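Asker: Got a structure here, written out as structure tokens. Questions coming.
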Amino acid sequence: MPFKLKLRIRGRLISGFLSVCAIIALSVGYTVFAVGGISTTVDRMVNLRTPVALASTELVGNLYSTLATLRGYLLTGNPQGKLDRRRDVEGNGCHSCRLR
């Protein structure tokens, strides 16, 4: 061994304790850094993806409503159904603009 220290038991205990404390401090520092990255990812998901998912879900619901109105019009032939469907289609146009 090129580097040989002659430490008493007290010195060995202190150096071992300090090395364990250093390892714990490094682990805590890395954990704080990793949690910061996770927090950034969660914030991005909440701010970007959630509104898009909600808008697309609303768009799909309105599309099914429009299709139900069209089926009703085709089955009954009621002219009010044709007007209702036109209103629904024009109303759904603004939802697709929000998704861009």
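The values are calculated or read from the model by the stated rules, or taken from the named source; none is laboratory data. The model shown is predicted, which means the values in this text are computed figures rather than measured ones. The area values use the complete protein model at the heavy-atom level, side chains included, leaving out ligands, DNA and RNA. Shrake-Rupley method; radii C 1.70, N 1.55, O 1.52, S 1.80 Å.
Asker: Suppose accessible area is computed on protein heavy atoms with a 1.4 Å probe; arrange Glu90, Glu58 from highest to lowest. Don't skip to the answer; put the middle values down first.
Answerer: Details: Glu90 135, Glu58 85 Å².
Order by accessible area, largest first: Glu90, Glu58.
Asker: What angle do you read, to the nearest 10 degrees and between 0 and 90, between the alpha-carbon axis of helix 50-76 and the longest principal axis of the chain?
Answerer: With both axes taken from Cα atoms, the answer is about 20 degrees.
Asker: If you don't mind, there's one more thing I want to ask. If I compute solvent accessible area with a 1.4 Å probe over the protein chains, what percent of it on the chain is carbon and sulfur? Display every interim value, and only then the final one.
Answerer: Values: 5810 of 8660 Å².
For the chain, the apolar C and S fraction of the accessible surface comes to 67 percent.
Asker: Using Stokes-Einstein with the Kirkwood hydrodynamic radius over Cα pairs, what translational diffusion coefficient do you get for the chain at 37 °C and a viscosity of 0.692 mPa s, in µm²/s rounded to a whole number?
Answerer: My calculation gives 166 µm²/s for D.
Asker: Moving on. What 222 nm value per residue comes from the helices of the chain, counting each DSSP H run with n ≥ 4 as -39,500 (n - 2.57) and dividing by all residues, nearest 500 deg cm²/dmol? Don't skip to the answer; put the middle values down first.
Answerer: Details: 3 runs with 83 residues, N = 100.
Here the helix-only value at 222 nm equals -29500 deg cm²/dmol.
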